Each structure stands twice: as C-alpha cells, then as structure tokens.
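Only one structure is covered here, and it is reproduced in the block below.
We did not get these values from a lab; they are worked out from the coordinates using the rules stated. Note that the structure is a prediction, hence the values are computed from the model and not measured. Note that we place each Cβ from the backbone using ideal geometry, even for glycine, and neighbour counts take in every protein chain shown.
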Amino acid sequence: MKGGDGSIWLWRLAPFVSIGLLLVGWEWLARSGVFTPFQLPAFSVVVQRIWEQAQSGDLFINVGLTLYRSLVGFLIAAVAGVIVGVGMWRNAGIRWFFDPLISVGFPMPKIAFLPIVILWLGLYDVTKISMIVLDAIFPVITATLIGVRNVDRELIWSARNLGTREGELMRQIILPAAMPMIFTGLQVALPIAMIVAVVCEMLMGGYGIGGAMMTASRFANSAGVFAGIVEIAVVGFVLVKAMAFIRRRLLAWHPESLEPSTV
Amino acid sequence: MTDATAPAPSPAGAVTGALIRGLTRYAPLIILAVLWEVVARLGLVSGSSLPALSSVAAAWVDLLRSGDLLANTWASLYRGGAGLALAIVIGTALGVFMAWSRPVNALIGPIVELFYPMPKSALIPVTVIWLGFGDGSKILLIFLGCMLPVTIGAFNGARSADRTLVWSARSLGAGRLRMLRDVVLPSALPELLGGIRTALALTFILLVSSELIVARAGLGYLIGYLGADGNYESMFAVVLTVAFLGFAADRLYQMFAARVLRWQQ
C-alpha cells in the first residue's frame, strides 16, 4: 500500500472514493426500483432512522449496552486468559488439566451452549457476559502460552542473576516480553466478543443492538434492521482500529509492532 | 497379548503406549465427565438443569434411531458446506485479484477493511429479509460472513509471493495465467489455508446462531426446539453433537492443511 510515485495523495484518497461509491451505489440501487424498500431501504432512509434513534436516545442505550457487554466480557476473558496461560506455563498440574480442555474447547462452536447457559443463569446480562467470556478466552490463553514460552531464556537468567524476585520477574520481564503475542490474542478475541454479544442479544431480546434488530425484523421494519447493521459495523470498525492504535502505542518499543497488521 | 510387550517395540506395544499416553493426556476430560455423572446422580443439582451424562447418551441414541438427528445434521452440514465453499472460491478469487492489480485493491480494499471487523452475526436478520427462513438465507449468511477472512488470507499470501520467483517465471516466458497457477497461488497457500481455518470456525458459529434464531430445520433449530419443549436430555445431546462436529471439522481440516503444505518443508 506504500505509494512510491508522486501521486501518493491520490492513493490516499482512494478509500474515501471507494466507500463513497459504495454508499452512492446503495442509494441508487434502492431508488432504482429493482428492490422493494422492504428488501433494500435507501441509505438516506437508514441514516434518517439512525438520527431518529439518536434523538429519542435509543441509539445510545442500545449501542452503550452492546459495548458494555462486549467490553466487560472481553476484559474478563483477557485477564483470566492471561492468568490461565501463565499458570499453564509455570505449573505442570495446571497445564495437565487445561491442555485437553483447550485443544478440544477452542475449535468447538461454543455458541451452541447458549441454551444451556440460559437454562442455568437465566435471561440476564450475566448469561450474555458468560457466553462472551467462554468464547473470547481461548485465543487469549493460547496466545499467552505461546508468548511466555518464547521469552528469551537469557533474559530470565540475567534478571534472576541480578537478583530479581519472582513477582517482579513476571511484571518486569516475562509479561512485557510476551506482550506482542498476548496482544495479538486480544486482537483476535475482541471481534469474537462482539459477534457473541450480538447473537446473545438477538436470541434473548431486550435492549442492545442485536435485540433492537430482532424487534425491527419482527415488525418488518427493514430500515431498523439496516440501521442496526450500520451501527454495529461502525462500532466494530472503531473498536478494531482502537485496538490497533493501542498496540502501536503500547508496543512502540517492539520492532514487529510497527509493521502493519492484517487489517 | 502379554508377550507383545517384549523389549523390541512391537506394533501392539506401540499401540498400548499411545493408548496410555492418550489416556493421561485426556484424563481431565474423563474426570470432568465422571464428575458430571456423579453430581447429577447424587442430585446435587436439579435434573432439569443438568441431566446425567448417561441419560444424555441414551437420549442421543434415541435421537439417532428416530432419524431426527441425522436429518437435521444433514440440513446443517449442507448449508455450512455450500456457504463455505462459495466463500472459499469467491473469497480466494477476490483476494488474489486485489493482490494482482493496484486499482482493484484501491477500490475494493477499503470496503474489505470496513466490513472485516463487523460482527458477522449482525447479518442474520438481513439475510432473512432477503431470502426468507430456509436454506438460502443461511447459505448467504455463511458466504458473506466467511468470505472476508478467506479474501484477506489470499491477499496477504499472494502479495507476499516471492518477487524473485515472479521475475524468474516471467523471464522464463510464463504467461499471466500460468504464473497465477504455478507461482502466485502456491506461495499464497499457507496464509490462504489459515484464512480458511478461521472461516471454518465462523461457519459453525454463524450456522448454529442463525438456526437458533430463525430456522425450521438444522441442529441449531433442534436445540431450540428441544429446549423449548423442556426435553433437556435431548437438548444436551444435540449441543454436544454440534460441539463435537465443530471440533472434528477443525481437526480434519488441520490434517488436510498439513498434507497440502508438505512440499513446503
């Protein structure tokens, strides 16, 4: 994506052009009469719907609740995942216990367990957040494990040699050295947390973007459904970009972190 | 069998060794399963929130005999397979095309980047609006949800194709199509296969969620139906079946990917 020629600014402009074309194309297609307004409401109609939601305050309640659930679940998964990952590295017993659970549990579609978790915990936020933790924790654990395993032995030896105590060794040496890998795990976990949050809201109803979309869909209000898609796309995009930004800030000392990530 | 464990490593001895190693490795799962059975049998939790593992197994056999399990598994696998296959074909083509041509990348790249982080489950109600409650909406959902990880895998892989390889192929007179087939695609393969693995996991998530939310057939539908009916033994049986299918699909795929990439060693 690096332009070597003189027209760099033209390539810089390209994203706006292409997204602008997408929106104009959407508007034009919707107005051309090929699709009914139910199948494809015009972009302007959808924007108007979002504006109405913003004025009534529903927008902030729904987006706020979805964000709150995703982020709380994500944070719990992040902290617990790092703790389990480090524990598995340091203690053979913990490793023996968690290793098969992870190798079997990671590739499973955990969302299938949602009806069971609803049965146990009811239709509350605690169910949604538990599901998010259950899904988002696996990439964090495996990334942490790989990260701490690959910490340079010599770093640990020299720190020990200089009289660093175990707790300090963890905080000062091992976790920072494993951070790039752990952060990659977190970057995988965050979109998963949002996918699960939206599915849980759709299935369990109530407030939140997912719940609002299902309500709109039940009333054949397709502008409401598309408004939900636009909202969730914006929220997802902002969160993923924010993570990439934090990564660059936090890991500025690490050479690899300066390379562009996949997205 | 006793003299099979002679000093020389006989095949039977190797099998026993592998069995013991496997048992030690997966012992935590067996312990959890036993604990589940004991907790349920002793009545420490109510039977409706945790039916005993043995009754879940019995319910699974019943579901298999009645044909419900097979019919719904088939419905789910058909949807998942069709959606994923479409995503792989079109996603790969799009990714390679983006790596191949700078204007295409400038035009499509930002759209891919915009939609890639979107929680794909948000598309469930839209696909229902477009195609209704049947197979079509699930296939479209899985196709749309799984295409971008494949595209990004193919794009990153094809872009990183070794420049010197591309130049030598060109100087040896390879045409554009031959170069695509013999140089670019093989070098894109490792990243592409990684993208497809992500897509495979997404397939199961989207399949089960969309079937739980709106469907008249499929494993997700069966779970919701049995749960609403209060038939919890059977519901647990189907949930475990789905979990196992997801796990088995990933394992099989990894074996396949390792085979395909053997030339890389």
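Axis of helix B:53-66 versus longest Cα principal axis of chain B: the two differ by about 70°, to the nearest ten degrees.
Based on the alpha carbons, how large is the Rg to Rh ratio for chain B when Rh follows Kirkwood? Each step should come with its number before you reach the end.
Numbers: Rg = 23.8 Å, Rh = 21.8 Å.
Ratio value, two decimals: 1.09.
Considering every alpha-carbon pair of segment B:43-192, the percent of pairs per 10 Å bin, from zero through the bin containing the longest distance, is 10, 25, 23, 19, 12, 7, 2, 0. Taking one quarter of the surface of the convex hull spanned by the alpha-carbon atoms of segment A:101-222 gives a direction-averaged projected area of 9.9 nm². Counts of other chain beta carbons within 10 angstrom of each beta carbon in peptide B:219-229 average 2. For chain A, the longest principal axis of the Cα atoms and the long axis of helix A:125-149 meet at an angle of about 40 degrees. A simple spin-label model places pseudo-atoms 7 Å from Cα toward Cβ; at residue B:41 and residue A:23 they are separated by 6.4 nm.
For chain B, what is the calculated [θ] at 222 nm in deg cm²/dmol (nearest 500), taking -39500 (n - 2.57) for each run of four or more DSSP H residues and dividing by its residue count?
Working: 11 runs with 206 residues, N = 265.
Dividing the helical sum by the residues of chain B leaves -26500 deg cm²/dmol.
For the peptides B:15-21, B:201-207, B:219-225, A:181-187, residues were scored by their other Cβ atoms within 10 Å and the scores averaged per peptide; the highest-first order is B:201-207, B:219-225, A:181-187, B:15-21. Note on segment B:204-250: the C-alpha convex hull projects to 3.0 nm² when averaged across all orientations.
Express the relative contact order of segment A:1-117 as a whole percentage, based on alpha carbon pairs under 8 Å and six or more residues apart in sequence. With pairs under 8 Å counted, the relative contact order is 9 percent.
For segment A:69-258, what is the relative contact order in percent, using Cα pairs closer than 8 Å and at least 6 residues apart in sequence?
22 percent
Determine, at each q value in 0.12 (inverse angstroms), the log₁₀ of I(q)/I(0) that the Debye formula gives when each Cα of segment A:78-153 is one equal point scatterer. Treating every Cα as an identical point scatterer, log10 I(q)/I(0) equals -0.39. Taking every residue in A:195-208 and counting other chain Cβ atoms within 10 Å of its Cβ, the average works out to 4.
Between segment B:46-88 and segment A:16-34, what is the separation of their alpha carbon centroids in Å? Cα centroid to Cα centroid, the span is 42 Å. Note on the protein assembly as shown: along the principal axes its Cα atoms extend 77, 60, 52 Å, ordered by decreasing extent.
Need the C-alpha centroid separation for segment B:14-40 versus segment A:129-197, integer Å. First find each Cα centre; the distance between them is then 29 Å. If you fit an axis through the alpha-carbon atoms of helix A:58-90 and take the longest principal axis of the Cα set of chain A, what angle between them do you get, 0 to 90°, nearest 10? Between helix and principal axis, roughly 20 degrees.
To the nearest whole number, what is the average tally of beta carbon atoms from other chains within 10 Å of the beta carbons of peptide B:232-245?
Working: counts 3, 0, 0, 3, 4, 0, 2, 7, 4, 1, 5, 8, 2, 3.
Other-chain Cβ atoms within 10 Å of each residue's Cβ, averaged: 3.
Roughly how many whole Å is it from the C-alpha centroid of segment A:54-115 to that of segment B:201-249? That distance is 21 Å.
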